[in-house]
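Contents: one structure, followed by commentary.
The values are calculated or read from the model by the stated rules, or taken from the named source; none is laboratory data. In this text, all values refer to a predicted model and were calculated from it rather than measured experimentally. Cβ placement follows ideal geometry from the backbone for every residue including glycine, while neighbour counts extend to all protein chains displayed.
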Amino acid sequence: MSQEYTDFVINSFGPKATPRSRRIIGSLIQHIHDFTRENYITVDEWMYGVEFINKIGQMSDSTRNEGILVSDVLGLEALVDTQTHAVAERHGSSTAATSSAILGPFYRENSPVYKNGESIIIKEVGGVKAYVSGKITNTQGEALAGAMVEVWHCAPNGLYEQQDPEQPDFNLRGTFYTDKDGFYSFVCLEPTAYPIPYDGPAGGLLQFMDRHPMRPSHIHWRVTHPSYHSLITQIYNREDPYTEDDSVFAVKEDCVVDFIKADGKIAEEHQVEKELRFSVALELEEFVQQDRKKIYAQQKALEDHLHEKSRLNSTTK
């Protein structure tokens, strides 16, 4: 079927459809139809795709989001994350804001609040203990007191606590608040590389594409402070070979870090073998919104064009 058919479907929107729905769904229809024609999709292939989408929902529950996993292995979440958080102008900043990264499917709200220097290890699960510390600042280098720092990572067996019945609730997760000088610190494990869940649609995609399921060893972060744009990111161990071959394409160069042998005093005080210094710079929310207004203006121009096109089509019927 021709483009004329696709136009007919796109122009089927009713008068109450919002400009945004016309823009997004209309574009989706166009691309799906183009994909179908370009690849000569058959009924059997179409039905396979429908069943694939159904399985994504069937595999998802409160502890696993298969939709995010499928987006990840296709590189979609990393693309959306980079596009959403790109800041075109530095607004006179002396330091670039820390790069964002994908949230991933295993974030949990309301992790236990600990004092700085305390451990997020509720149950011993093996692995190498590490002392992580640093400073949260703005892009002018000014310390941000009271910033909330949420961290989480998997156990050495490659499982997050909600995947693993042997781990207690919220093991290897914690929330910390920076002191008056913007400093935070905590004890965790040196992170472990692990395969993403491989028994569902995301794993099936990887097999089709002859790709491995491994994620590099990493720690997840969510850093928030009033008036500043919330940061979701991950840090990656430079020594892990998968840091250069991440199955979900999430690695950012400024978030590749070096875990080093712990200083004697730190090793003794915190009973750790490794240490890491990692500081974070947050961008003012005001500046982020200024940049996003440019995107919103482009979207509005497209919506106005589609609205006018729809109006002209309705007058010719």
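Listed here are the residues, each with its yes/no results for (1) β-branched (Val, Ile, Thr); (2) assigned by TED's automatic domain parsing to the domain that holds Glu142.
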site	(1), (2)
Ile219	yes, yes
Arg238	no, yes
Tyr242	no, yes
Ile295	yes, no
Arg311	no, no
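Just one residue in the set Val187, Val125, Val149 is in contact with a helix residue (DSSP H, G or I) (Cβ under 6 Å, 6 or more places away or on another chain) and either at pLDDT 95 or above or not in a loop (DSSP other than H, G, I, E, B) (or both); that residue is Val187. Would you confirm whether or not the range 295-316 contains a residue that is modelled with pLDDT under 95, among the hydroxyl-bearing types (Ser, Thr, Tyr) and either in contact with a Ser or Thr (Cβ under 8 Å, 6 or more places away or on another chain) or surrounded by 14 or more Cβ atoms within 10 Å (Cβ to Cβ) (or both)? Checking the range 295-316: at least one residue is modelled with pLDDT under 95, among the hydroxyl-bearing types (Ser, Thr, Tyr) and either in contact with a Ser or Thr (Cβ under 8 Å, 6 or more places away or on another chain) or surrounded by 14 or more Cβ atoms within 10 Å (Cβ to Cβ) (or both).
Residues that are touching a helix residue (DSSP H, G or I) at 6+ places or on another chain (Cβ under 8 Å) and more than 22 Å from Val149 (Cα to Cα) within the range 263-299 comprise Glu273, Gln299, listed in sequence order. Residue count for the range 167-206 under the criterion of being farther than 19 Å from His270 by Cα and in contact with a strand residue (DSSP E or B) (Cβ under 7 Å, 6 or more places away or on another chain): the result is 7. Selection of the range 166-189 for residues being within 20 Å of Ile102 (Cα to Cα) and surrounded by 21 or more Cβ atoms within 10 Å (Cβ to Cβ) yields Leu172, Arg173, Gly174. Among the candidates Glu269, Glu275, which residue alone is out of contact with any Pro (no Cβ under 8 Å at 6 or more places or on another chain) and assigned to a strand (DSSP E or B)? Glu275 is the lone residue from the list that is out of contact with any Pro (no Cβ under 8 Å at 6 or more places or on another chain) and assigned to a strand (DSSP E or B).
Among the residues making up the range 12-43, a single one is among the aromatic types (Phe, Trp, Tyr) and in contact (Cβ under 8 Å) with a residue 24 or more places away in the chain: Phe13. Scanning the range 67-86 for residues that are over 26 Å from Glu285 (Cα atoms), crowded, with 20+ Cβ neighbours inside 10 Å and free of Cβ contacts under 8 Å to residues at least 40 places away in the same chain turns up just one, Ser71. Scanning the range 108-133 for residues that are surrounded by fewer than 21 Cβ atoms within 10 Å (Cβ to Cβ), in contact with a Leu (Cβ under 8 Å, 6 or more places away or on another chain) and more than 23 Å from Pro195 (Cβ to Cβ) turns up Ile122, Lys129, Ser133. Filtered by the rule that a residue be within 29 Å of Ile196 (Cα to Cα) and buried (at least 19 other Cβ atoms within 10 Å of the Cβ), the range 134-158 gives Val149, Glu150, Val151, Trp152, His153, Cys154, Ala155. The condition of being at pLDDT below 95, of a type in the set (Lys, Arg) and under 29 Å from Ala143 (Cβ atoms) holds for only one of Arg238, Arg277, Arg222, Arg292, that being Arg292. Would you pick out the residues in the range 110-138 that are touching an Asp or Glu at 6+ places or on another chain (Cβ under 9 Å) and aromatic (Phe, Trp, Tyr)? Within the range 110-138, Tyr131 is the sole residue that qualifies.
Tell me which residues, restricted to the range 197-228, are assigned to a loop (DSSP other than H, G, I, E, B) and surrounded by fewer than 21 Cβ atoms within 10 Å (Cβ to Cβ).
Of everything in the range 197-228, those that are assigned to a loop (DSSP other than H, G, I, E, B) and surrounded by fewer than 21 Cβ atoms within 10 Å (Cβ to Cβ) turn out to be Pro197, Tyr198, Asp199, Gly200, Met209, Asp210, Arg211, His212, Pro213, Pro226, Ser227.
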